[in-house]
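The values are calculated or read from the model by the stated rules, or taken from the named source; none is laboratory data. Predicted model only: the values in this text are computed from it and were never measured. Neighbour counts are summed over all protein chains in view; Cβ atoms, including those assigned to glycine, are modelled from backbone coordinates with ideal geometry. Accessible surface is based on the protein model in full, side chains and every heavy atom, while ligands, DNA and RNA are left aside. Shrake-Rupley method; radii C 1.70, N 1.55, O 1.52, S 1.80 Å.
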Amino acid sequence: MTIDKETKQVKKVVKNQSYSVKVDGKTENSKSKQTYTYTYNQLDNVTKPKVEAKAAAASKDSGTETPSKEKQAAYTKEAGQYADALIQATVYQNTDQFVAKHPNQEDKKQVKEKGEFQKSSFVEFFETNFKGALSSVSSNITDEQLNEVSSAFLKALSSTKYKIKDAAYSAEDDAYVVQVEIQGFNDASVLAEVMTPLAEKYQAGELSNEQLVNELIDGVAKRYREPVELLPAKTVPVHVVRNGEKDYEVLMQDEYLLTFAQQS
């Protein structure tokens, strides 16, 4: 992960994955490298997060005021509310719930704009990475095909469940750690259901590169629209940083996204 030193924003996340597909008793191994490049608009200029909890002596030396127990409890609660709101905007594409659950209830117009940005960015990131994963096979993937897959993926995500369990401030991480209980689905298994038979046909020379990609996209979109089996609930930590009065950020959304759509 690369973070810009000046803006404190995540610039890039690189994820390496390895796959194995068995065809006619032989195992075909392949690897993929996915790069998540993050872009931000003026609404999301992240300043260096302030340290909200330090020992009294350290606060005295630095000239900063240690939040009272009441304020720290309020910040912790707000961090949990923000994580809840962000999941609504990204996983469930629900900006109304983003506004309703967001800790800032005073400037709902700006909160709505941020929710819309998170909603559209989530889809954009998915489509960019899906296209990138297939770029070595085909460069002719259309926007319509990407839209079909992303819409179907969102359909699968809509059946998942989650619950905000609790939150606490971590001095070590300099962040509020929100525990989120998630019932997601095995995305890797869903993709394998479609990919395995197509890989067999491709290895046998029955499909060209373009045919492979087209059938893969059609098959994945169709499978995503069918019911997906939810996995047992799993609790994961999501790190939230305070960015100002009732303003928070999650720098690594994969902390929860990869449990909603699990890769193993």
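Tabulated data for the structure shown
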item	result
Residues of region 196-219 that turn out to be over 32 Å from the mean Cα position of the chain (by Cα) and part of a helix (DSSP H, G or I), as a count	2
Total residues in region 90-130, condition hydrophobic (A, V, I, L, M, F, W, C) and closer than 18 Å to I164 by Cα	4
Qualifying residue in region 67-82 (condition: in a loop (DSSP other than H, G, I, E, B), buried (at least 17 other Cβ atoms within 10 Å of the Cβ) and modelled with pLDDT of 50 or more)	yes
Filter result for F126 (in contact with a Leu (Cβ under 9 Å, 6 or more places away or on another chain), of a type in the set (F, W, Y) and either part of a helix (DSSP H, G or I) or open to solvent by less than 60 Å² (accessible area, probe 1.4 Å) (or both))	yes
Pairs, first more than 18 Å from I87 (Cα to Cα) in region 102-115, second of a type in the set (D, E, K, R) and at pLDDT below 95, C-beta under 8 Å, six or more apart	E106/K246
Residue in region 183-192 that is crowded, with 19+ Cβ neighbours inside 10 Å, β-branched (V, I, T) and over 25 Å from Q97 (Cα atoms) present	yes
The listed residue being open to solvent by less than 50 Å² (accessible area, probe 1.4 Å), assigned to a strand (DSSP E or B), touching a residue at least 24 places away in the same chain (Cβ under 8 Å) and touching a Phe, Trp or Tyr at 6+ places or on another chain (Cβ under 7 Å), out of A152, A167	A167
Inter-residue pairs, beta-carbon under 7 Å, first over 18 Å from S150 (Cβ atoms) and in region 84-96, second in a loop (DSSP other than H, G, I, E, B) and not β-branched (V, I, T), 6+ apart	A85/H102
